[in-house]
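Visitor: Mind looking over this structure? Questions follow.
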Amino acid sequence: MQGAVSKQAALLGAARFAVAERSAASFDAGLAEATRTLPAVPPVSVTETTAGTALFSKTLGQFDEGAWTELLLFLFLTALTGAVALIETRRLGMSRRMLATPTSPGTVIVGETLGRVLIGVIQAVVIIFGSALLFGVNWGQPIGVAAVVILFTLVGAGAGIFLGTLFRNEQQAVGITLLLGLGLGALGGCMVPLEVFSPTMRRVAHITPQAWGNDAFARLVGHGAAITGILPQLGILAAYAAVLLALATWRLRRVLLA
């Protein structure tokens, strides 16, 4: 490339010289004379190649990965901070008054869980449709997206309820839930993409549900996968949800009946 530019510069310089020495009446005439005198500039072809494997799918839009990572971050963070509301209902005696009615502990537990899931789903709908309309974000197959969102909100609901049974006051819960929500989000690839993690850190990141949610969205959005293509990720999220909801149910039942 540099050699071709140098030859072209020499051609133009020769044309200007011909005009300056008045051997040519105009620049075009000088350029024609220089072209006849100097060897022709060979055509230049440019070939673009990619070395190694690309980190990100070429089909990803500008805001796609940022949208789904922020969705997972805030779904989990909102669910964890819901522990504060659970502590407040216990402190004000609302839980005991509910149990004084014919309402069973199981009904209270189901209500607490479904309330948090509903909040998460509404939050997800606002983020998904808002980002799609305002920024043209592609979310992939709707059924797959819905499955990831519902399972992830169940994971967050279980974690939030479990944490809400461990603390006595709201101040303790606020600090711990923010630390866990932001820390697990960062480790799970919600602040820095998992693609730039080292292989070791990527394996460590997958102790978090956020990493599996990110993997699911990467397949849905980046590779156009259907729900069948994210079954391993959905299975892991379902396992997280089952374990956390079981722990939350056990702890909440003990707290309510204590």
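Visitor: Name the residue, out of V121, V125, V149, V192, that is more than 16 Å from L244 (Cβ to Cβ) and part of a loop (DSSP other than H, G, I, E, B).
Guide: Just a single option satisfies the conditions, and that option is V192.
Visitor: Residue check, I207 against (1) modelled with pLDDT of 95 or more; (2) open to solvent by 70 Å² or more (accessible area, probe 1.4 Å); (3) assigned to a helix (DSSP H, G or I), all met but one. Which one?
Guide: Here I207 meets the rest and fails (3).
Visitor: Regarding M201, is this residue out of contact with any His (no Cβ under 9 Å at 6 or more places or on another chain) and in a loop (DSSP other than H, G, I, E, B)?
Guide: Here the answer is no, as M201 does not meet what is asked.
Visitor: List the pairs whose first member sits in region 180-196 and is closer than 14 Å to G213 by Cβ, whose second member is of a type in the set (D, E), and whose Cβ atoms are under 8 Å apart, counting only residues at least 6 apart or on separate chains?
Guide: So the pair list comes out as C190/E70; P193/E65; L194/D215.
Visitor: Right, A216: out of contact with any His (no Cβ under 8 Å at 6 or more places or on another chain), open to solvent by less than 10 Å² (accessible area, probe 1.4 Å) and either under 20 Å from F167 (Cβ atoms) or not aromatic (F, W, Y) (or both) or not?
Guide: It is true that A216 is out of contact with any His (no Cβ under 8 Å at 6 or more places or on another chain), open to solvent by less than 10 Å² (accessible area, probe 1.4 Å) and either under 20 Å from F167 (Cβ atoms) or not aromatic (F, W, Y) (or both).
Visitor: Check whether at least one residue in region 139-159 is open to solvent by 40 Å² or more (accessible area, probe 1.4 Å), modelled with pLDDT of 90 or more and closer than 21 Å to Q62 by Cβ, and report yes or no.
Guide: Yes, there is a match, as at least one residue in region 139-159 is open to solvent by 40 Å² or more (accessible area, probe 1.4 Å), modelled with pLDDT of 90 or more and closer than 21 Å to Q62 by Cβ.
Visitor: Name the one entry in G140, G185 that is outside any helix (DSSP H, G or I), under 15 Å from the mean Cα position of the chain (by Cα) and not hydrophobic (A, V, I, L, M, F, W, C).
Guide: Answer to the check: G140.
The values are calculated or read from the model by the stated rules, or taken from the named source; none is laboratory data. None of these values were measured; they are calculated from a predicted model. Backbone-built Cβ (ideal geometry, glycine too); neighbour counts: all protein chains shown. The protein model used for the area step is the full one, side chains on, heavy atoms only, and it has no ligands, DNA or RNA in it. Shrake-Rupley method; radii C 1.70, N 1.55, O 1.52, S 1.80 Å.
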